[in-house]
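In what follows, a single structure is set out as structure tokens and then discussed.
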Amino acid sequence: MTNSHTSITKPTLFSPLSIPTPQGQLEIKNRIVMPPMDQYSAINGFANAWHYQHYTQRALGGVGLIIIESTSILPNESMISTQDLGLWEDAQMAEIRNIIASCKQYGAKIGIQLNHAGRKSEASPNLIAPSPIPFGNMPTPREMQKQDIEHVLHGFYLACKRAYQIGVDAVEIHAAHGYLISSFLSPLSNIRNDEYGKNRARFLQEVLQTAREALGDAIPLLIRISASDWIEGGNEVKDMIAMLSPICHLFDAIDVSSGGVVANAKIPAYPHYQIHLAYAVKEALRKITFGGGFVTDSKSAHYIVKSGACDAVYIGRELLRNPFFALQASRELGIAIDFPGIYQRAK
């Protein structure tokens with residue numbers, strides 16, 4: 001007799017994940033994501049041996065999706081620091097291409113995060129932002145004019161073109177943590193009276209449209225957001241959902257973080273503190289959603305995915321401590337996965 005209440009198999013930490021695109025999908029072998037974590041080790045925007053080892057080790061360690069750190073789209077003005085990676089010129093492509101090829105050899109999918117630091121740049125004396133409001137004790141930025149916006153959009157376009165040419169599996173637009181796009185989204189940093197203030201998501205919308213034009217429809221376009229500013233008068237998750245809902249057709253997956261817009265926010269950084277934000281975004285926007293925030297052990301990561309709170313878990317600091325988190329997690333959870341090469345002996 002057939003049971004009319006057929007059970008639906010819930011995903012596990014090691015279930016494959018598909019991210020749909022307008023013309024296909026990206027298949028990821030598991031639901032462990034390494035989020036962008038700045039290494040502050042580049043010289044003139046160029047990757048080097050540190051980056052090669054850093055990313056390849058995590059691919060060997062079984063991570064499903066690796067997102068390369070915040071990569072500047074323009075020299076100086078868009079850099080968080082003078083040691084940021086860059087894709088503002090063709091010469092910077094070769095070393096990142098080698099990293100991507102190495103990671104793919106071990107079964108990882110590779111994305112790259114593209115960013116403009118805006119008023120939080122420590123590499124430029126000429127800061128730009130939606131409004132002349134400084135971040136903390138940093139210098140007051142200049143309010144962006146239309147030509148500045150067009151200049152930045154062109155930078156995103158060319159950086160996306162280069163990213164596609166070097167073989168990334170996905171591009172993530174950094175719209176979190178108070179950097180340029182994020183500062184347009186928050187009422188704490190955007191008090192404009194024009195179309196970019198009346199619709200605070202307009203600049204993000206234009207960046208996404210520009211990125212899709214450069215990338216085509218074959219690879220996923222991701223965004224990272226701060227779902228809460230963690231301070232009165234700032235964005236709450238409901239505000240972010242309201243802004244993103246009309247433009248959610250422009251991106252394929254969403255990476256949910258929080259904070260970074262103002263220096264004096266009180267962020268309650270307890271274990272898993274951002275998972276409820278990811279769940280709210282996932283339920284409202286119906287997009288593939290990554291969540292995290294002090295997730296440090298395999299059982300917690302597994303439960304978060306299995307509960308349906310988000311589709312994948314990003315593991316940050318723990319992957320810095322333990323590049324082989326994924327292989328270790330498979331043993332702890334009793335889920336068989338392939339170990340690379342001679343590492344099979346360690347299963």
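The values are calculated or read from the model by the stated rules, or taken from the named source; none is laboratory data. Note that the structure is predicted; figures quoted are calculated from it, not measured. Here Cβ is always computed from backbone atoms with ideal geometry, including for glycine, and neighbour counts include all displayed protein chains. For accessibility, only protein heavy atoms count, side chains too; no ligands or nucleic acids. Shrake-Rupley method; radii C 1.70, N 1.55, O 1.52, S 1.80 Å.
Taking a Cβ cut-off of under 11 Å around residue 332, the surrounding Lys, Arg, Asp and Glu residues balance to a net charge of +1, with basic ones at +1 and acidic ones at -1.
Normalised by the number of residues in the stretch 38-151, the mean separation of alpha-carbon contacts (under 8 Å, six or more apart) gives a relative contact order of 27 percent. Other residues with beta-carbon under 14 Å from the beta-carbon of residue 106 carry, at +1 per Lys or Arg and -1 per Asp or Glu, a net charge of +2. Treating only the Cβ atoms of Lys and Arg (+1) and Asp and Glu (-1) as charged, compute the dipole magnitude of the stretch 138-177 about its Cα centre; round to the nearest 20 debye. Result for the stretch 138-177 is approximately 120 debye, rounded to the nearest 20. The residues of the stretch 239-347 have, on average, 46 Å² of accessible surface per residue, using a 1.4 Å probe with all protein chains present. Centre-to-centre, using Cα atoms only, the stretch 45-61 and the stretch 194-240 are separated by 29 Å. At a probe radius of 1.4 angstrom, the accessible area of the stretch 111-208 per residue rounds to 36 square angstrom. Kirkwood's formula applied to the C-alpha pairs of the stretch 191-299 gives a hydrodynamic radius of 15.0 angstrom. Residue 210 sits among other residues whose Cβ lies under 11 Å from its own Cβ, and their net charge, with Lys and Arg +1 and Asp and Glu -1, is -1. Dipole magnitude for the stretch 221-331: computed about the Cα centre from +1 point charges on Lys and Arg Cβ and -1 point charges on Asp and Glu Cβ, it is near 360 debye.
With all protein chains in place and a 1.4 Å probe, the accessible surface of the chain carries 51 percent carbon and sulfur.
Of the peptides 319-325, 200-206, the ranking by mean beta-carbon count within 10 Å, highest at the top, reads 200-206, 319-325. Per-residue ellipticity at 222 nm, computed for the chain from helices alone with -39500 (n - 2.57) per DSSP H run of at least four residues, works out to -9500 deg cm²/dmol. In a simple Cβ point-charge model (Lys, Arg +1; Asp, Glu -1; nothing else charged), the chain has a dipole of about 920 debye relative to its Cα centre.
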